[in-house]
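Undergrad: For reference, the structure I am asking about is given below.
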Amino acid sequence: MAVLVPGLLLIIGLAVDGGAKVQATQRANALADEAARAGGQAIDRSAALAGEVRVDTAAAVAAAQAYLDRSDVRGTVTVIDADTLSVTTTITEPTIFFGLIGITTMTVDGSGTADLVTDPAVN
């Protein structure tokens, strides 16, 4: 019994905390995707008034970062080649069973991208 109980706790811990890690990773990816989408909607207003549809890259980065801040998630926002907004997120979650062996938190990363409209012919 003394050997069986720790083994069972380890298996339960792997299932519970492993599942929590998968869920946290999905959340990190979803938040990164949503932040990228929020940034991708930052239309350059002066260009739009002139009949061109394009994204204001500075406003896109600010909008994506604001989304992360509202979601209370750490992350970085970058513009790649002036037409792709890339967002990476980092989430730290407490563990339940792994705390018994000294692992009290787990950190996961997520990523998401959005294509920015830069061609006036694209509507």
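Undergrad: Which ³J(HN,Hα) values in Hz, rounded to whole numbers, follow from the phi angles of region 62-76 under the Karplus curve 6.51 cos²θ - 1.76 cosθ + 1.60, where θ = phi - 60° and Gly and Pro get x?
TA: Coupling constants for region 62-76: 5, 5, 5, 5, 4, 4, 4, 4, 5, 8, 6, 10, 7, x, 10 Hz.
Undergrad: What spacing in nm lies between the two simple spin-label points modelled at residue 21 and residue 81, each 7 Å away from Cα in the Cβ direction?
TA: For the pair residue 21/residue 81, the computed spacing is 3.3 nm.
Undergrad: How much length, in nm to one decimal, is gained on full extension between residue 105 and residue 50, taken as 0.36 nm per residue of separation minus their Cα-Cα distance?
TA: Full extension from residue 105 to residue 50 adds 14.7 nm.
Undergrad: How would 1, 106 line up from fewest to most surrounding beta-carbon atoms within 10 angstrom?
TA: Least to most surrounded, the residues fall as 1, 106.
Undergrad: Nearest 10 degrees is fine. How inclined is helix 4-40 to the longest principal axis of the chain, computing both from alpha carbons?
TA: That helix lies at roughly 10 degrees to the long axis.
Undergrad: Per DSSP helix of 4 or more residues, -39500 (n - 2.57); summed, then divided by the residues of the chain. What does that give at 222 nm, rounded to the nearest 500? Display every interim value, and only then the final one.
TA: On the way: 3 runs with 56 residues, N = 123.
After summing the helix terms and dividing by the residues of the chain, the value is -15500 deg cm²/dmol.
Undergrad: Calculate the FRET efficiency for residue 1 and residue 96 from the Cβ-Cβ distance with a Förster distance of 22 Å, rounded to the nearest 0.05.
TA: Calculated value: 0.45.
Undergrad: For residue 72 and residue 11 in the same chain, what is the full-extension length gain: residue separation times 0.36 nm, less their Cα-Cα distance, in nm?
TA: Gain on stretching residue 72 to residue 11: 18.8 nm.
Undergrad: Separate question: What is the pair-distance distribution P(r) of the chain, computed from all Cα-Cα distances in 5 Å bins starting at 0, with each bin given as a whole percent?
TA: With a bin width of 5 Å, the distribution comes to 2, 12, 17, 15, 12, 10, 8, 7, 5, 4, 3, 2, 1, 1, 0, 0.
Readers should treat all values here as calculations from the given coordinates under stated rules, not as data from a laboratory. Computed from a prediction, not measured in an experiment: that's the story for all the values here. Note: ideal-geometry Cβ built from the backbone for every residue, glycine included; neighbour counts use all protein chains shown.
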